[in-house]
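Since every read-out is calculated from the coordinates, none of them should be taken as a lab result. Small disclaimer: the values here were computed from a predicted structure and weren't measured. No Cβ is skipped: glycine too gets one built from the backbone with ideal geometry, and neighbour counts run over all protein chains shown.
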Amino acid sequence: MLLANGLPVFAEESRASLTSGDIAILRFLSAAEILETDLWQQYNELGGIQDSEVPGGSGSPAYIKALEVLDGDMPQYIHDNTEDEFTHFTFINAYLTFINAYLVSKGADPVNLDKFRTLPSSKATGAQNIGRLTNLMQLTVDTSYWTKYRSRTKNPDFGDTFPPAVPGLLKGQFPAIPRNNGDLAPAKHIQAIANTAGFHFAFIEQGGTSLYPSLAQRVSNPEVLRILLSIGPTETAHFQTWHDKAGNAPALTDPTNGLVFPDLNSPPFGGEDFQTNLIMPEPTIFLSRKFPPVSIIRPTETQGAAMGAAKALVGTGSGCGPTLIKATRS
Ligand SMILES: [Fe+2]
Ligand SMILES: [Fe+2]
């Protein structure tokens, strides 16, 4: 049986029974997606394609040239990832607004973080000068996702830890977009900025790749579960692409700050843990060491998953973790 709006009746009834836990998960994901969009929007203004789908900014030719060293299609991929993130929070917020009408006790309001947009924009030509939720000019990037997805014997859900692919990115704060036009030269400096972005792209998206399956285990309503199971794998599609592109970042040392991007295919790197074409998840332990290794997303432990995501955002040095925590407590 269908209602006038074409939706099956069971969906209408099911929405009326949405639990407070389901609503909290959707509100948390909306906040996380707004922050993701803020990161990607800044990348798109300077390094992507600015058009009617993703407006704002006018591009930085020197930055784009350096990004294209990783792949000639980088501006298109940046554009598409930005548009995807925008649709993630817009959809979840529209859904929250819609179901609010079905609930006896309300609380499924859409999430709006605009009052937290206080961080500065890049001063480089091509960026909009507006308040931001995140800061891409002082990033500490954890590249341990690289070895986490290559390990055949370890899993973060078992408490295992993993070495970073680019140790230098953990030892300071680095720009992933040009801070001003002074960052556009020398060539190795702007390339280091593009390399930092390349590794950060995969960091962002591997976070979403774990977040959705982790939170899906807490969802009660089948339609909310469908939303999580339909958005989550697009994060994985993004991660897979960026994981491949990061491997093309040229080995170099930034002459302005000493940041080193090592050759990941040669000693002391190289081998199964670092080889740049090993971009598909290696099988590893899952649930119990008694079971055979299996190719999986990792981590997917549901306990503490939301706090883990918030901490990961704090760890980027982008200042958006505290925003996320504040926003979802209210
Ligand atoms: Fe997303
Ligand atoms: Fe994403």
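Data table
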item: Kirkwood estimate for the chain, i.e. one over the average of 1/r between Cα atoms, Å; result: 20.7 Å
item: Spatially proximal lysines relative to K171 (Cα-Cα < 21 Å; intrachain offsets below 8 disregarded); result: K148, K188, K311
item: Dipole magnitude of the chain about its Cα centre (Cβ charges: Lys, Arg +1; Asp, Glu -1), debye to nearest 20; result: 980 debye
item: Value of D in µm² per second that Stokes-Einstein yields for region 241-304, Kirkwood Rh from Cα pairs, at 10 °C (1.306 mPa s); result: 110 µm²/s
item: Column: log10 I(q)/I(0), Debye, Cα scatterers of region 84-136, q = 0.28 Å⁻¹; result: -1.04
item: Cα convex hull of region 211-275, projected area averaged across orientations, nm²; result: 6.7 nm²
item: Overall Cα dimensions of region 182-236, principal axis frame, Å, largest first; result: 54, 15, 14
item: Share of alpha-carbon pairs per 5 Å distance bin for region 204-322, given as whole %; result: 2, 10, 13, 16, 20, 17, 11, 6, 3, 2, 0
